[in-house]
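For reference, the structure is listed below as structure tokens.
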Amino acid sequence: MRVPVAFGQYVPVSSPVHTLDAKTKMGLVAVFTVGVFLVDGFWGLLAIAGCVGVALAFSMVPVRIALRGIRALTLLLSFTLVAHAVRWNPATVTLVRIGPLGIDGQGLVDGIFFVVRVILLVVGTSLLTLTTTPVQLTDGLERVMRPLEALRFPAGEVAMMLTIALRFIPTTAQEAEKIIVAQTARGARFDEGGLIRRTRAFVPVMVPLFVNLFRRAEDLALAMESRCYRGGPGRTRLNPSHMTVRDWLVLLCASAVLIVVGLLL
Amino acid sequence: MTRSRLLPFVRAALVAALIAASALVTVPIGPVPVTLQVLVIAVAVLVLSPAEAAAAVGLYLLIGAVGMPVFSGGGAGAGVLAGPTGGFLFGFFAGALAGAAIRRAIEATGGQRRGLLADIVALVVLVLVTYVAGLAQFAAVSGRSIADAFAVAVAPFVVIDLAKAAVAMLVARALRKAGLGDRVPPPA
């Protein structure tokens, strides 16, 4: 039961990638995802890996940190590889055979392809959050979502809610921790009994959490209304962000490369 | 007091914060550390309006996408959403919306008497939608059959998910007794 203090993935170094506008990087991630899924051969993966490598080098993010995202997937990726490669009575080229089990040549190649694709996908997209602060991203998201307001999508409200949620994550986590400790002091046990009993132990944790949450929501809404918050059109901002010529150039050139790679290879 | 226009927005934002925070507080139950995200989402489906529940889960996904380590196992970033397990996260969103909407629809036909039925159906819908979306993306991204995906990504978690759903019903009942939660406006 521990709440990490330093939190988030942002790597605070100065690099040409860090200074790109958040919207540029979000656009690149979207194109990158499409590109990765269009690729259907190892040459394509190699080209995509080259793109990721170039971006990573420009971003000044330590490779160790950039690869951290894969660690959580190690188990899943190993399962994927094994499921592709190991067959009962393999029909095609068999590399190794142990009884009815065999390692299938084509299966192994397929497995490696999917594993490499997932690794590139995760490393490439994580560059966005490694080089952009959550505040910049929230701002960028609001701008990207603004055209949706024409379809009555509440972009301004979503940005407001996102800001509130980000602000209250540490508070809520501390509160949860406090309630767990308090209920433990009153004799609640989270480490005894079967599955049902252990899960049930969380009822006296969840109920006060939600009661506090409903109360806090009323207080916060009242406080915002007393301060005349009305959101929506006409709201000004302290640090407006703009896409520069450099942003457009990077976005267009990189997108062109990714799409060409995706379609050709 | 008149109902606040801002209240639904603020409430959804705070529930999103709670879902995110519940990923940070891990409780060591047995060999696998258990997080309470699924439990919080299930309670949200039972005590929030469909729009609030969907907004809360959607915000949680956005928070994760912008880089806060709020996905299971401290994952973060758009990569998780695009990766093999991302379908379960999108499934939470669709499931929360569908579950809460169905609960409301059933409550509207029978009021208090159908409360238990409404809760059970809502949670079954939440779990099923989550599994279907999760399986589809898992199979597509990792290039494996649906049956394989089921064995790895769903089967080990069915029992614990059902246990969490049952606990969510107990929590929702306690909250309703305290006069909180999503109440269907009485028919005019």
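Bear in mind these aren't lab numbers, they're just calculated from the coordinates by the rules spelled out. The model shown is predicted, which means the values in this text are computed figures rather than measured ones. Cβ placement follows ideal geometry from the backbone for every residue including glycine, while neighbour counts extend to all protein chains displayed.
Just need log10 I(q)/I(0) for segment A:129-226 at q = 0.22 Å⁻¹, Debye formula, equal scatterers on the alpha-carbon atoms, no solvent, rounded to two decimals.
-1.10
Let me check I've understood the local charge: for A:Pro16, count other residues with C-beta under 15 angstrom from its C-beta, Lys and Arg +1, Asp and Glu -1. What total comes out? Working shown, then result.
On the way: positive: A:Lys25, A:Arg246; negative: A:Asp21, A:Asp247.
Its environment carries a net charge of 0.
Nothing charged except the Cβ atoms of Lys and Arg (+1) and of Asp and Glu (-1): what's the magnitude of the dipole of segment B:3-177 about its Cα centre? Round to the nearest 20 debye.
On the way: 12 positive and 5 negative charges, 138 e Å.
Dipole about the Cα centre, nearest 20: 660 debye.
Beyond 28 Å, what share of the Cα-Cα pairs of segment B:3-177 is found? Please give it as a whole percent. Show your work: numbers first, answer last.
Numbers: 3065 of 15225 pairs.
More than 28 Å apart: 20 percent of the Cα pairs in segment B:3-177.
Relative to the compact-globule scaling 2.2 N^0.38 Å, provide the ratio for the alpha-carbon radius of gyration of the protein assembly as shown.
On the way: Rg = 23.3 Å, N = 453, 2.2 N^0.38 = 22.5 Å.
Output field value: 1.04.
When only DSSP loop residues count, what GluC sites (Glu not before Pro) in segment A:190-229 have their Cβ near at most 15 other Cβ atoms within 10 Å?
On the way: sites: A:Glu192, A:Glu218, A:Glu225; in loops: A:Glu192.
The qualifying sites are A:Glu192.
Note down the magnitude of the dipole of the protein assembly as shown about its Cα centre, charges +1 on Lys and Arg C-beta and -1 on Asp and Glu C-beta and zero elsewhere, to the nearest 20 debye.
Numbers: 39 positive and 22 negative charges, 217 e Å.
Around 1040 debye, computed over the protein assembly as shown.
Mind computing the radius of gyration and Dmax over the alpha-carbon atoms of chain A? Å is fine for both.
24.4, 75
When the helix-only estimate is applied to the protein assembly as shown (DSSP H runs of n ≥ 4, each -39,500 (n - 2.57), divided by the residue count), what is the mean residue ellipticity at 222 nm, nearest 500 deg cm²/dmol?
Details: 19 runs with 302 residues, N = 453.
For the protein assembly as shown, the value works out to -22000 deg cm²/dmol.
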